[in-house]
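Asks: A single structure is presented below for examination.
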Amino acid sequence: NFAVSLPKTSDDELGDLAKSIEVFANELSYLKQQRSEFLASISHELRTPLTYIKGYTDIVKKRELSEEDRKKYLNIISEETNRLSVLIKELFDLAQMDQNSFDIEKERIYLNHFMDRLEQKLAPAFQDKERNILFECEENLFLMADPLRLEQILINLLDNARKYSPDGSNIKLKAWKYKNSIHITIEDNGKGIPEKDIPYIFNRFYRVDKSRTRSLGGAGLGLAIVQELVHAHEGEISVTSTEGKGTIFELIFKGE
Ligand code: ADP
């Protein structure tokens, strides 16, 4: 890391130039540091599942095992492989977003139909964990958005709501129009997010409780991707949460 401090020896153009170079160099140094932190996180997140996969593959290959143990170890290998493939997909999404090379193909979405289809699609996955998603959508809502990306946003938020709330609890997805904006909220009665962590949860690789959330599957990239996607739709995302009570994510998009 380096920080540059060029003396501003005069108030003329040269002095101003020195000042600009200093600002630019410090910005560059900050970006370099961010990039190396990002790379360190990526390699850590890739290495951890690989270590499990390698370790358990060796055991299954070399040892005499009971059928039960063999299945247990193969399940771990399979879970860790899934984790890797999700992570790689998320990294790929973010890389495309950083290069502005991902397409948003907006079309006019009839939100009521869209939510019905989403409900049918998600019901089996959520029933498994004894969660209920309650959909409340005001009639006749239309939104200009990319349907695949909107689905990705909502599934990500619903999946978090599911991961961070207890079995048997309800998750609410509401949509309504206020003035000229479409509001969508995803509400859970889960563990909530501590106030001190709220400013960081949209940062890449940020997890509130690293040890706990590892068992739940995420690398901390989901919300970073959601935020990028919402911004790419010129929308806004915000969160309110109370520890022990639950969390509400709110999306606001321009209506028609
Ligand atoms: P992850 O893949 O770990 O879920 P995300 O980027 O989706 O990563 O979320 C970042 C962190 O924010 C999570 O690790 C979790 O600690 C917290 N979080 C996100 N959604 C919720 C929620 N609905 N309830 C409680 N905590 C949440």
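Asks: Under 1.5 on a/c is rounded, so check that first for the stretch 99-198, then, if it is not, pick prolate when a/b is larger than b/c and oblate when it is not; a ≥ b ≥ c are the square roots of the alpha carbon gyration tensor eigenvalues.
Replies: Values: a/c = 1.60, a/b = 1.40, b/c = 1.14.
It is prolate, given that a/c is not under 1.5 and a/b is the larger ratio.
Asks: With a ≥ b ≥ c taken as the square roots of the eigenvalues of the C-alpha gyration tensor of the chain, please select rounded if a/c is under 1.5 and otherwise prolate if a/b is larger than b/c or oblate if it is not?
Replies: Values: a/c = 2.16, a/b = 1.16, b/c = 1.86.
Because a/c hits 1.5 or more and a/b fails to exceed b/c, the chain counts as oblate.
Asks: Okay, moving on. Evaluate the charge dipole of the chain about its Cα centre and quote only its size in Debye, nearest 20, assuming +1 on the Cβ of each Lys and Arg and -1 on the Cβ of each Asp and Glu.
Replies: On the way: 36 positive and 43 negative charges, 215 e Å.
It comes to approximately 1040 debye.
Asks: OK, next. Are there trypsin sites (Lys or Arg not before Pro) in the stretch 142-239 that DSSP marks as loop and that have at most 10 other Cβ atoms within 10 Å, and which are they? Numbers along the way, then the final one.
Replies: Details: sites: 149, 162, 163, 172, 174, 177, 179, 191, 196, 204, 207, 210, 212, 214; in loops: 179, 191, 204, 207.
Answer in residue order: 179.
Asks: Residue separation times 0.36 nm, minus the C-alpha to C-alpha distance between residue 236 and residue 43: what's the value?
Replies: Working: separation 193, 0.36 × 193 = 69.48 nm, distance 3.09 nm.
Gain on stretching residue 236 to residue 43: 66.4 nm.
Asks: Looking at the square roots a ≥ b ≥ c of the eigenvalues of the Cα gyration tensor of the stretch 15-116, which shape do they give, rounded for a/c under 1.5, prolate if a/b is larger than b/c, or oblate?
Replies: Numbers: a/c = 5.33, a/b = 1.53, b/c = 3.48.
Since a/c reaches 1.5 but b/c is at least a/b, the shape of the stretch 15-116 is classed as oblate.
Asks: Run down the aspartates and glutamates and flag those whose C-alpha is under 12 Å from the C-alpha of residue 32, throwing out any fewer than 8 positions away in its chain.
Replies: Partners found: none.
Asks: Quick one: if you stick a label point 7 Å off each Cα along the C-beta vector at residue 65 and residue 34, how many nm between them?
Replies: Those two pseudo-labels are separated by 4.3 nm.
Asks: Could you tell me which GluC sites (Glu not before Pro) in the stretch 129-194 are loop residues by DSSP with no more than 14 other beta carbons within 10 angstrom of their beta carbon?
Replies: 130, 138, 139
Asks: Follow-up. As a test of the formula, what do you get for the chain when each DSSP H run with n ≥ 4 contributes -39,500 (n - 2.57) and the sum is divided by the residue count, at 222 nm and rounded to the nearest 500 deg cm²/dmol? Working shown, then result.
Replies: Working: 6 runs with 135 residues, N = 256.
Counting only the DSSP helices, I get -18500 deg cm²/dmol.
Asks: Between 165, 51, 109, whose Cα lies farthest towards the positive end of the dipole of the chain when Lys and Arg beta carbons carry +1 and Asp and Glu beta carbons carry -1, centred on the Cα centre?
Replies: 51
Here, each number is a calculation from the coordinates, and none is a lab measurement. Worth saying up front: this structure is predicted, and the values here are computed from it rather than measured. Positions of Cβ are backbone-derived with ideal geometry, glycine not excepted, and every protein chain shown enters the neighbour counts.
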